[in-house]
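Let me begin by presenting the structure, written as structure tokens, before commenting on it.
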Amino acid sequence: MSSDILAKGYEPKEVEQHWYDFWQREGLFSAKEHSEEKGYAIVIPPPNVTGVLHMGHALNITLQDILCRYRRLMGDNVLWMPGTDHAGIATQNVVERKLAEEGQTRDEIGREKFIERVWQWREESGSAIINQLKRLGASCDWQRERFTMDEGLSIAVRKVFVQLYNENLIYQGNYIINWCPRCNTALSDLEVEHEDLNGHLYHIHYPFTDGSGSIVVATTRPETMLGDTAVAIHPEDERYQDITANEVVLPLMNKTIPIIRDSYVDMSFGTGGLKVTPAHDPNDFELGKRHNLDEVKVIGDDGRMTENAGKFQGLDRFECRKAVVEALKQEGLLEKIEDHLHGVGHCYRCKSVVEPNLSKQWFVSVKPLAQKALEAVQQGDTRIIPDMWKNTYYEWLNNIRDWCISRQIWWGHQIPAWTCEDCDEMIVATETPTACTQCGGSRLVQESDVLDTWFSSALWPFSTMGWPENTPLLNTFYPTATLVTGFDILFFWVARMMMMGLHFMRDVPFRDVYIHALVRDEDGQKMSKSKGNVIDPLHTIDQFGTDAFRFTLAAFAAQGRDVRMSENRVEGYRHFINKLWNAARFSLMHLKETSELPPAETLALPDRWILSRLQATAEAAKEALDQYRFNDAAGTLYQFVWHEFCDWYLEVIKPVLYLEADESNDTRRKSTLAVLEQVLQETIVLLHPFIPFVTEEIWSKLPGTTGSIMQATFPLLTPDNAGLHRDEAAEAQMNLIMDVITGIRNIRGEMNLAPSMKLAALVQSASDKNRSVLDAHRDLIENIARLSALDIMPSGERPPSAATAIISGATVFVPLEGVLDVAKETERLEKELKKIGVELSKVSKKLNNEDFLGKAPADVVEKVKEKHQQFLEKQQKLQANLERVRNLA
RNA sequence: GGGCGGGUAGCUCAGUUGGGAGAGCAUCGGCCUUACAAGCCGAGGGUCACAGGUUCAAGCCCUGUUCCGCCCACCA
């Protein structure tokens with residue numbers, strides 16, 4: 001890495017680790033707590049401690065890193081707050097599995113030991129995900145790394161819980177919640193994933209007690225009938241106007257239950273009869289409350305039938321379903337079984353079928369909090385980008401229901417509530433109480449439940465900055481600038497951070513929320529282990545380097561669109577990294593020392609041109625990044641580096657670099673080298689947010705650079721604007737020259753003339769200005785177009801037997817005496833002519849349209865007229881040439 | 001049942017106030033031209049899903065149809 005000349009190919013492995021260590025050692029990721037500079041903060045969506053880096057993280061982290069590195073170049077004081085989430089259920093499941101491998105269960109070792117094990121496990125593997133983030137180049141302020149179970153964050157959690165409880169926004173109660181029998185815990189509505197499954201609809205006779213027949217009810221879960229406490233019908237259902245009975249016999253249970261009338265019942269469904277199971281269905285629960293029905297819980301928390309299920313007690317819920325159906329069949333009460341597609345809830349962590357169950361749990365009364373979160377976005381205090389997600393956000397907040405926050409697991413923040421065993425008093429406090437506030441007794445037992453993981457992550461933007469203390473960090477960085485996240489946690493996380501931030505900080509947690517899409521495989525399928533289509537980001541990095549991988553992600557991250565990832569695509573962008581590397585390698589062969597940029601007016605045309613293009617590129621890149629248009633920014637830079645800087649500028653200056661040494665040539669060469677140095681340096685600064693490693697490596701090799709590229713300034717912001725400015729005249733002149741060269745290359749390609757074959761060319765242009773521009777750069781044109789001679793004339797004889805290229809402002813002839821393939825050239829010209837004919841008729845049509853002339857804006861009309869003129873000229877020239885070529889035949 | 005996104009070249013996708021349809025990859029032809037064959041030069045290829053409408057002008061705006069994908073929802 002110390003040789004002056006770079007290696008022939010870029011080898012990411014050799015430099016990535018080196019530079020990452022360097023950045024950390026130099027403290028370049030560290031935010032300043034107190035600073036005059038603008039504070040710009042991003043809090044990381046904390047990955048689960050159990051996590052392994054996947055494509056979703058890679059995209060998420062890359063976009064954040066691009067923003068952070070960009071803002072540093074813009075001179076902001078950047079804080080990228082890193083950390084991990086304790087991920088209650090997920091982590092507990094992982095550790096339970098490990099225990100199972102040792103032949104143990106958590107109940108056997110007990111709560112305290114179990115939690116110890118989790119901590120121990122976290123110590124061992126908790127840094128794996130963090131190290132993987134580092135391989136992506138993530139410039140997080142690692143010294144501030146937090147964990148949702150940290151002492152500080154735990155204090156914040158308790159403080160929030162207690163305050164919400166005191167404000168009557170947290171309450172405890174018996175309601176129907178989603179219960180996962182596998183994880184043995186309650187879940188919030190969000191943690192249930194509905195999946196449409198092919199099930200059955202069972203139609204069951206419930207005989208009237210007076211022997212006057214029966215009513216048929218339908219259910220998808222026949223085992224719940226054991227807990228039925230009523231049958232409901234619609235009060236206006238004509239089918240049941242004449243029934244004499246008020247009660248039915250609940251089959252299999254030999255129990256009498258009432259027939260109730262409620263307009264909730266949908267008359268159009270089945271027979272219009274509804275079995276009511278208040279303990280196992282949320283609607284039935286409501287119905288039960290209205291009609292004072294008993295709540296009979298027949299499915300236990302372990303997924304087995306309770307003693308209330310009579311002879312079915314102890315059966316697993318699914319076995320019980322079969323047994324109930326069999327028993328009903330035998331009693332002749334099963335009318336029929338239909339196939340039925342319906343949504344079934346599954347646990348988002350273990351995929352078990354979730355059971356709606358009656359249970360005593362803790363809830364957050366979210367409506368008041370949600371209202372503020374809604375308004376903050378409506379008022380524009382927080383922007384959601386892309387805009388379309390606003391509707392989804394509103395929709396959810398408008399229909400929000402209370403949030404079940406208690407979990408019957410061990411790993412998490414234990415709820416700070418204590419019950420006095422003497423007087424049953426409930427004490428909710430931030431500090432562990434020593435005596436009952438009511439009776440003074442000391443037999444206090446803490447609530448065993450822990451909080452939903454998302455409760456602590458909802459506080460993340462301020463708990464990580466030291467809240468509830470009023471810290472300098474909070475003053476400098478709250479509200480944070482941008483949250484970058486996937487839409488899959490818009491409700492879980494974003495909406496709840498909004499609620500908590502507004503409630504406890506009295507300000508939104510972030511100004512912008514940038515929602516990125518999902519990473520899918522190249523066929524658009526969601527990546528999953530079972531499909532076997534998972535691409536491991538680390539594998540991709542090992543193969544192609546972090547920079548190529550990051551650039552690929554950025555290039556495909558169009559707003560609102562999923563990213564389709566394949567290693568082939570990364571390979572494509574590795575070519576780009578290599579291209580840049582080689583451009584630098586070439587430049588460094590000539591850049592032996594740093595030099596001042598000479599005044600613009602003394603520079604040669606290509607130099608002024610590239611500086612102008614660089615300026616345009618910097619402006620476009622800034623504009624795109626400011627709007628989170630990562631793909632546009634990446635595309636703009638790609639285009640500039642490859643097609644303007646490499647394809648044209650470097651080729652054009654080669655002759656200058658190889659000029660013989662004499663005084664005037666040396667002056668010319670020196671100023672070109674100064675421009676080359678400047679452009680290369682500014683270009684890698686522009687690219688640095690996307691591809692940090694290779695740009696740092698090149699930076700370190702450039703003469704005249706010191707420190708890290710991370711300390712550089714974004715080109716548009718340097719005091720002298722890095723010598724950059726748009727130069728329209730230079731761009732127009734260079735375009736003419738490039739058009740002439742392209743025209744000649746075109747002929748060469750079409751006529752199958754070897755590049756090694758030198759050609760003579762004649763350019764005719766009626767414009768004095770154009771002729772003088774071409775004349776002044778005759779060497780350049782001859783060199784790049786490989787010409788033996790170049791004539792430039794105002795007009796005159798068209799050379800016979802020549803191929804022609806008609807460009808804007810000039811006509812190029814390549815005389816091919818004896819070589820010209822007349823048929824081929826005729827065909828080529830005819831084709832061109834046909835094309836231009838189509839264009840011409842389009843504009844002519846417009847110009848012949850009175851309405852267009854009368855109603856279109858003047859500048860548009862003017863533009864069309866100009867075009868018409870141009871097309872007409874081109875057509876005439878083509879026709880003349882075609883005639884001439886035809887005469888040759 | 002509601003809501004959202006998408007249908008543009010063979011593939012993957014850009015296309016930001018409506019004004020001559022673009023890129024990358026792939027394909028074809030020609031090149032070892034002293035940074036790069038991970039390269040250079042050139043070429044071909046599109047009824048912008050379909051049908052209407054608004055407009056002087058529609059890939060873009062409106063209506064309808066259709067096909068994909070996703071999210072939300074307590075109809076048994």
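The values are calculated or read from the model by the stated rules, or taken from the named source; none is laboratory data. Everything numeric here is computed off the predicted structure, so don't read it as measured data. Quick reminder, even Gly has a Cβ in these numbers, built from the backbone with ideal geometry, and neighbours come from all protein chains shown. Note: areas computed on protein heavy atoms with side chains; ligands, DNA, RNA excluded. Shrake-Rupley method; radii C 1.70, N 1.55, O 1.52, S 1.80 Å.
Summary of values
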item	result
Segments classed as helices (runs of 4 or more DSSP H), wholly inside the stretch A:447-513, with at least 1 members that are over 19 Å from residue A:402 (Cβ atoms), in contact (Cβ under 8 Å) with a residue 60 or more places away in the chain and in contact with a strand residue (DSSP E or B) (Cβ under 7 Å, 6 or more places away or on another chain)	A:460-463, A:472-477
When residues of the stretch A:561-572 are limited to those that are open to solvent by less than 70 Å² (accessible area, probe 1.4 Å) and in contact with a Lys or Arg (Cβ under 9 Å, 6 or more places away or on another chain), the one farthest from RNA strand B (Cβ to nearest atom)	A:565
Filtered residue count, the stretch A:822-850, keeping only those that are within 10 Å of RNA strand B (Cβ to nearest atom), in a helix (DSSP H, G or I) and over 14 Å from residue A:869 (Cα atoms)	6
Unmet requirement for residue A:810, which otherwise passes all of (1) within 14 Å of RNA strand B (Cβ to nearest atom); (2) within 50 Å of the chain's Cα centre (by Cα); (3) of a type outside the set (Val, Ile, Thr)	(1)
Hits in the stretch A:615-653 (condition: part of a helix (DSSP H, G or I), surrounded by fewer than 17 Cβ atoms within 10 Å (Cβ to Cβ) and of a type in the set (S, T, N, Q))	A:639
Where a residue in the stretch A:323-340 is in contact (Cβ under 8 Å) with a residue 60 or more places away in the chain and its partner, wherever it lies, is exposed (fewer than 11 other Cβ atoms within 10 Å of the Cβ) and part of a strand (DSSP E or B), with Cβ under 7 Å and at least six apart	A:339/A:198
Answer residue from the stretch A:1-52, given it is within 16 Å of RNA strand B (Cβ to nearest atom) and of a type in the set (Val, Ile, Thr) and is modelled with the lowest pLDDT among those	A:5
Residue A:190 vs. criteria open to solvent by less than 10 Å² (accessible area, probe 1.4 Å), part of a helix (DSSP H, G or I) and more than 30 Å from residue A:542 (Cβ to Cβ)	no
Residue that is farthest from residue A:151 (Cα to Cα) [pool: residues in the stretch A:412-422 that are surrounded by 16 or more Cβ atoms within 10 Å (Cβ to Cβ) and not β-branched (Val, Ile, Thr)]	A:420
Members of the stretch A:862-880 that are near RNA strand B (Cβ under 9 Å from one of its atoms) and without any contact (Cβ under 8 Å) to a residue 12 or more places away in the chain	A:863
Residues being farther than 18 Å from residue A:684 by Cα and in contact (Cβ under 8 Å) with a residue 24 or more places away in the chain - total across the stretch A:608-626	2
Filtered residues of the stretch A:148-166 (kept if surrounded by fewer than 19 Cβ atoms within 10 Å (Cβ to Cβ), at pLDDT 95 or above and not polar (S, T, N, Q))	A:155, A:159, A:162
Positions within the stretch A:214-273 being open to solvent by less than 20 Å² (accessible area, probe 1.4 Å), more than 11 Å from RNA strand B (Cβ to nearest atom) and in a strand (DSSP E or B), in sequence order	A:215, A:230, A:248, A:250, A:257, A:259, A:260
Qualifying residues in the stretch A:382-411 (those that are open to solvent by 50 Å² or more (accessible area, probe 1.4 Å) and in contact with an Asp or Glu (Cβ under 8 Å, 6 or more places away or on another chain)) - the one farthest from RNA strand B (Cβ to nearest atom)	A:383
Hey, residue A:301 open to solvent by 30 Å² or more (accessible area, probe 1.4 Å) and free of Cβ contacts under 8 Å to residues at least 60 places away in the same chain or not	no
Matching residues, the stretch A:274-306, being in a helix (DSSP H, G or I) and within 42 Å of the chain's Cα centre (by Cα)	A:282, A:283, A:284, A:285, A:286
Looking only at the stretch A:342-358, and only at residues there that are in contact with a Lys or Arg (Cβ under 9 Å, 6 or more places away or on another chain) and either of a type outside the set (D, E, K, R) or within 11 Å of RNA strand B (Cβ to nearest atom) (or both), the one that is modelled with the lowest pLDDT	A:350
Pairs, first in contact (Cβ under 8 Å) with a residue 40 or more places away in the chain and of a type in the set (Asp, Glu) in the stretch A:8-22, second away from RNA strand B (no atom under 16 Å from the Cβ) and open to solvent by 60 Å² or more (accessible area, probe 1.4 Å), C-beta under 9 Å, six or more apart	A:16/A:135
Answer residue from the stretch A:574-622, given it is closer than 22 Å to residue A:551 by Cα and aromatic (Phe, Trp, Tyr) and is farthest from the chain's Cα centre (by Cα) among those	A:581
Which listed residue is farther than 22 Å from residue A:877 by Cα, of a type in the set (Gly, Ala, Ser) and assigned to a loop (DSSP other than H, G, I, E, B), from A:796, A:854, A:818	A:818
Scan of the stretch A:3-59 for residues that are charged (D, E, K, R) and either surrounded by 15 or more Cβ atoms within 10 Å (Cβ to Cβ) or assigned to a loop (DSSP other than H, G, I, E, B) (or both), ordered by number	A:4, A:8, A:11, A:16, A:26, A:32, A:33, A:36, A:37, A:38
Those residues of the stretch A:654-663 which are in a helix (DSSP H, G or I), more than 10 Å from RNA strand B (Cβ to nearest atom) and either buried (at least 19 other Cβ atoms within 10 Å of the Cβ) or aliphatic (A, V, I, L, M) (or both), in sequence order	A:656
Tally of residues being among the hydrophobic types (A, V, I, L, M, F, W, C), assigned to a helix (DSSP H, G or I) and open to solvent by less than 10 Å² (accessible area, probe 1.4 Å) across the stretch A:677-724	11
Qualifying residue in the stretch A:65-74 (condition: of a type in the set (Phe, Trp, Tyr), part of a helix (DSSP H, G or I) and crowded, with 21+ Cβ neighbours inside 10 Å)	yes
Any hit, the stretch A:535-546, residues being touching a Gly at 6+ places or on another chain (Cβ under 7 Å), more than 10 Å from RNA strand B (Cβ to nearest atom) and at pLDDT 90 or above	yes
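Yes/no per residue for (1) of a type in the set (Gly, Ala, Ser); (2) within 12 Å of RNA strand B (Cβ to nearest atom); (3) touching a residue at least 40 places away in the same chain (Cβ under 8 Å):
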residue: A:629; (1), (2), (3): no, yes, yes
residue: A:649; (1), (2), (3): no, yes, yes
residue: A:665; (1), (2), (3): no, no, no
residue: A:682; (1), (2), (3): no, no, yes
